[in-house]
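These notes are about the structure you will find just below.
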Amino acid sequence: MTEQEKIELRRHIQAVRERIGHAAIQANRDPEEIILVAASKMNDAEHVQEAIKAGIRVCGENRVQELLEKYEQNAYAGADLQFIGTLQTNKVKFLVGKVSLIQSVGSAHLGETIAKVAEKQGICQDILLEVNIGKEAAKSGFLVEDLDDAMAILSEKKSLHIRGLMAIPPIADEKTKNSSYFNKMHQVFVDNLTKKYDNVDMDYLSMGMTNDFEMAIACGANMVRIGTAIFGARPYQIVSP
Ligand SMILES: *Cc1c(COP(=O)(O)O)cnc(C)c1O
């Protein structure tokens with residue numbers, strides 16, 4: 001990275017923090033309670049390390065292979081590493097023991113697989129349950145109506161700790177549209193706060209990305225996953241004129 005690129009990265013992180021702080025205050029909430037997860041996909045170890053130097057405390061990766069490569073290069077040293085992407089059960093064994101939180105558990109089968117691997121390693125794996133709030137056929141995640149059964153099953157696993165919920169709502173044209181999904185998610189989160197399952201604590205509501213994180217915070221998110229606003233557009237996001 002050039003000196004200029006480093007300065008820019010620092011500026012981006014500062015700007016994102018300010019926007020998070022502003023959104024939190026607008027919503028009468030403490031900026032400190034919002035966890036910023038830097039979604040670092042397609043950014044190499046050097047970029048990730050530079051972001052950590054600039055104050056990033058949590059990194060989120062969404063592809064196992066890429067995570068493992070960067071992990072070997074010590075990209076995440078000094079930060080917490082989480083997994084936020086679609087996860088196949090046969091790759092679970094590569095993640096458990098390396099990531100502090102798997103955000104994207106969208107089926108009981110995946111949860112059970114994680115539990116098995118964690119148990120073998122003698123550890124307890126923190127997870128979030130992913131909710132398919134827009135009921136999209138192409139997306140993974142639990143339907144709201146299936147969440148209760150999933151929690152009942154997974155709460156019996158001593159090697160799992162369910163820490164909250166995650167969602168990626170449908171891409172909306174107008175911002176008002178997404179607020180209804182975010183509000184729905186917050187309602188589901190609040191509904192689950194009062195349920196008493198073993199190994200379940202509704203600590204985190206993870207929703208909001210570059211285009212909508214302020215709206216998500218307004219609706220109750222306390223964990224946002226931000227890539228583009230920190231690292232700039234990824235190669236495939238740059239559309240030629
Ligand atoms: C890439 C990614 C993000 C961040 O997206 P941006 O729009 O670049 O901020 C958030 N969540 C997940 C699961 C991602 O894969």
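Can you give the helix-only mean residue ellipticity at 222 nm for the chain, where every DSSP H stretch with n ≥ 4 adds -39500 (n - 2.57) and the sum goes over all residues, rounded to the nearest 500 deg cm²/dmol?
Helices in the chain give a 222 nm mean residue ellipticity of -12000 deg cm²/dmol.
According to the square roots a ≥ b ≥ c of the eigenvalues of the Cα gyration tensor, what is the shape class of the chain, taking rounded for a/c under 1.5, prolate for a/b larger than b/c otherwise, and oblate for the remainder?
oblate
What is the stretch 1-132 by shape, rounded, prolate or oblate, if you read a ≥ b ≥ c off the alpha carbon gyration tensor as root eigenvalues and call it rounded for a/c under 1.5, prolate for a/b larger than b/c, and oblate otherwise?
oblate
I'd like the distance between the alpha-carbon centres of the stretch 93-114 and the stretch 9-23, rounded to an integer number of Å.
If we compute the Cα centre of each part, the gap is 30 Å.
Would you please put 215-223, 10-18, 61-69 in order of how densely packed they are, using the mean number of other Cβ atoms within 10 angstrom per residue and starting with the highest?
Sorting 215-223, 10-18, 61-69 by mean packing, highest first, produces 215-223, 61-69, 10-18.
List residues of the stretch 10-44, by number, whose backbone nitrogen lies under 18 Å from a label position 7 Å along Cα→C-beta of Q237.
In the stretch 10-44, the label zone of Q237 (backbone N under 18 Å from the point 7 Å along Cα→Cβ) covers 10-20, 36-44.
Of the listed pairs K6/K184; K53/K184; K98/K196; K93/K135; K70/K139; K53/K139, which have alpha-carbon separations greater than 31 Å here?
K6/K184; K53/K184; K53/K139
For the peptides 96-107, 189-200, 71-82, what is the packing order when you average, over each peptide's residues, the other Cβ atoms within 10 Å and list the highest mean first?
96-107, 71-82, 189-200
All of the numbers you see were taken from the coordinates with simple rules; none came from a lab. Quick caveat, the model's predicted, so the values are computed rather than measured. No Cβ is skipped: glycine too gets one built from the backbone with ideal geometry, and neighbour counts run over all protein chains shown.
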